[in-house]
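Participant: Before I ask anything, here is the structure I am working with.
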Amino acid sequence: MIPAQKVLISSGKLEEGNFEIHRYEGDGERNTSSASGPGFYISGGTLEEIFVELWPDFDFKIARKYSEDLYTLRISTKGNLNESILDQIWNQISVNSQFTAIKSTKNQTGNCLQVRDPAQLSKYVYQPTNGVIKKDESKSGQIQLLGYSLKELAAKLSESKRLGKFFRDFDGVAYENSYSFRLNSTSLDALRESLDRYGLDFSYCTQEVLLYELK
């Protein structure tokens with residue numbers, strides 16, 4: 001099948017790099033796969049899927065009219081994908097007459113993921129095998145992750161509407177390692193029991209979160 005045409009809709013320079021957003025137009029194959037390496041990140045899908053994947057710590061509200069199309073976002077940067085990079089992209093998107101980009105804050109209730117037993121958690125640090133750095137083999141009601149950080153685990157848990165939003169609450173400890181997880185996510189009670197194996201727990205909480213909105 002002939003690939004659909006990619007049309008550049010926004011681009012700009014970052015403090016340490018640049019970015020491009022393309023929209024797929026016309027019939028044909030659309031490559032929405034994601035990739036990353038030293039100095040670059042590529043993500044594809046709807047705009048909401050792209051931004052949630054790359055910045056799982058923040059909330060995004062994307063107008064429904066943008067969910068009808070597929071996009072790719074390519075970022076070249078010497079830095080990490082932190083709030084500064086997102087803000088630079090967001091500010092430049094707003095210059096494009098197609099978008100109205102707004103940044104605000106809101107209070108949101110959810111579940112704060114906590115490390116109850118760091119020693120127990122350390123038993124599940126992931127050691128890449130056969131070249132597999134990261135893998136998601138999750139199915140309905142079951143989460144199975146290889147090579148995922150706690151930040152990425154919280155984002156994965158937040159994907160399930162039955163569980164609600166998950167935040168990280170680690171008392172200033174980074175926990176940058178990647179881990180292996182096998183969790184029952186059919187309910188909050190089942191999830192809590194599964195997390196206990198990894199020295200993890202969660203509690204109901206309210207946090208102020210950043211909201212990035214595209215109208």
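Participant: Condition test on I50, is it in contact (Cβ under 8 Å) with a residue 40 or more places away in the chain, of a type outside the set (D, E, K, R) and either open to solvent by less than 90 Å² (accessible area, probe 1.4 Å) or closer than 21 Å to S94 by Cα (or both)? Please lay out each step first, then the result.
Facilitator: Details: in contact (Cβ under 8 Å) with a residue 40 or more places away in the chain: no; of a type outside the set (D, E, K, R): yes; either open to solvent by less than 90 Å² (accessible area, probe 1.4 Å) or closer than 21 Å to S94 by Cα (or both): yes.
So I50 does not fit the description; no.
Table: residues versus (1) within 30 Å of E20 (Cβ to Cβ); (2) out of contact with any strand residue (DSSP E or B) (no Cβ under 9 Å at 6 or more places or on another chain); (3) open to solvent by 70 Å² or more (accessible area, probe 1.4 Å).
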| residue | (1), (2), (3) |
| --- | --- |
| I89 | yes, no, no |
| I93 | yes, no, no |
| I102 | yes, no, no |
| A119 | no, yes, no |
| K123 | no, yes, yes |
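Participant: Within the range 19-35, can you find the residues that are closer than 18 Å to Q88 by Cβ and open to solvent by 70 Å² or more (accessible area, probe 1.4 Å)? Spell out how you get there, then give the answer.
Facilitator: To start, the set of residues in the range 19-35 that are closer than 18 Å to Q88 by Cβ comprises 19-21.
Listed by number, the list holds a single entry, E20.
Participant: I need the full set of residues from the range 3-18 which are open to solvent by 40 Å² or more (accessible area, probe 1.4 Å) and in contact with a Gly (Cβ under 7 Å, 6 or more places away or on another chain), in order please.
Facilitator: Of everything in the range 3-18, those that are open to solvent by 40 Å² or more (accessible area, probe 1.4 Å) and in contact with a Gly (Cβ under 7 Å, 6 or more places away or on another chain) turn out to be P3, Q5, E16, N18.
Participant: Sort out which residues of the range 142-159 are open to solvent by 40 Å² or more (accessible area, probe 1.4 Å) and assigned to a strand (DSSP E or B), and write them in order of number.
Facilitator: Residues satisfying the conditions are Q142, Q144, L146.
Participant: Within the set of pairs 6+ apart or on separate chains, which have a first residue in the range 107-135 that is without any contact (Cβ under 8 Å) to a residue 40 or more places away in the chain, a second that is open to solvent by 80 Å² or more (accessible area, probe 1.4 Å) and in a strand (DSSP E or B), and C-beta atoms under 9 Å apart?
Facilitator: Within 9 Å, no pair qualifies.
Participant: Right, another one. For the range 53-87: of the residues being free of Cβ contacts under 8 Å to residues at least 40 places away in the same chain and closer than 13 Å to E15 by Cα, which is most open to solvent (accessible area, probe 1.4 Å)?
Facilitator: Among those residues, the one meeting the criterion is N80.
The values are calculated or read from the model by the stated rules, or taken from the named source; none is laboratory data. Values in this document were obtained by computation on a predicted structure and should not be read as measured data. Glycine gets a Cβ as well: all are built from the backbone with ideal geometry, and neighbour counts include every protein chain shown. Please note that ligands, DNA and RNA were not included when accessible areas were found on the heavy atoms of the full protein model with its side chains. Shrake-Rupley method; radii C 1.70, N 1.55, O 1.52, S 1.80 Å.
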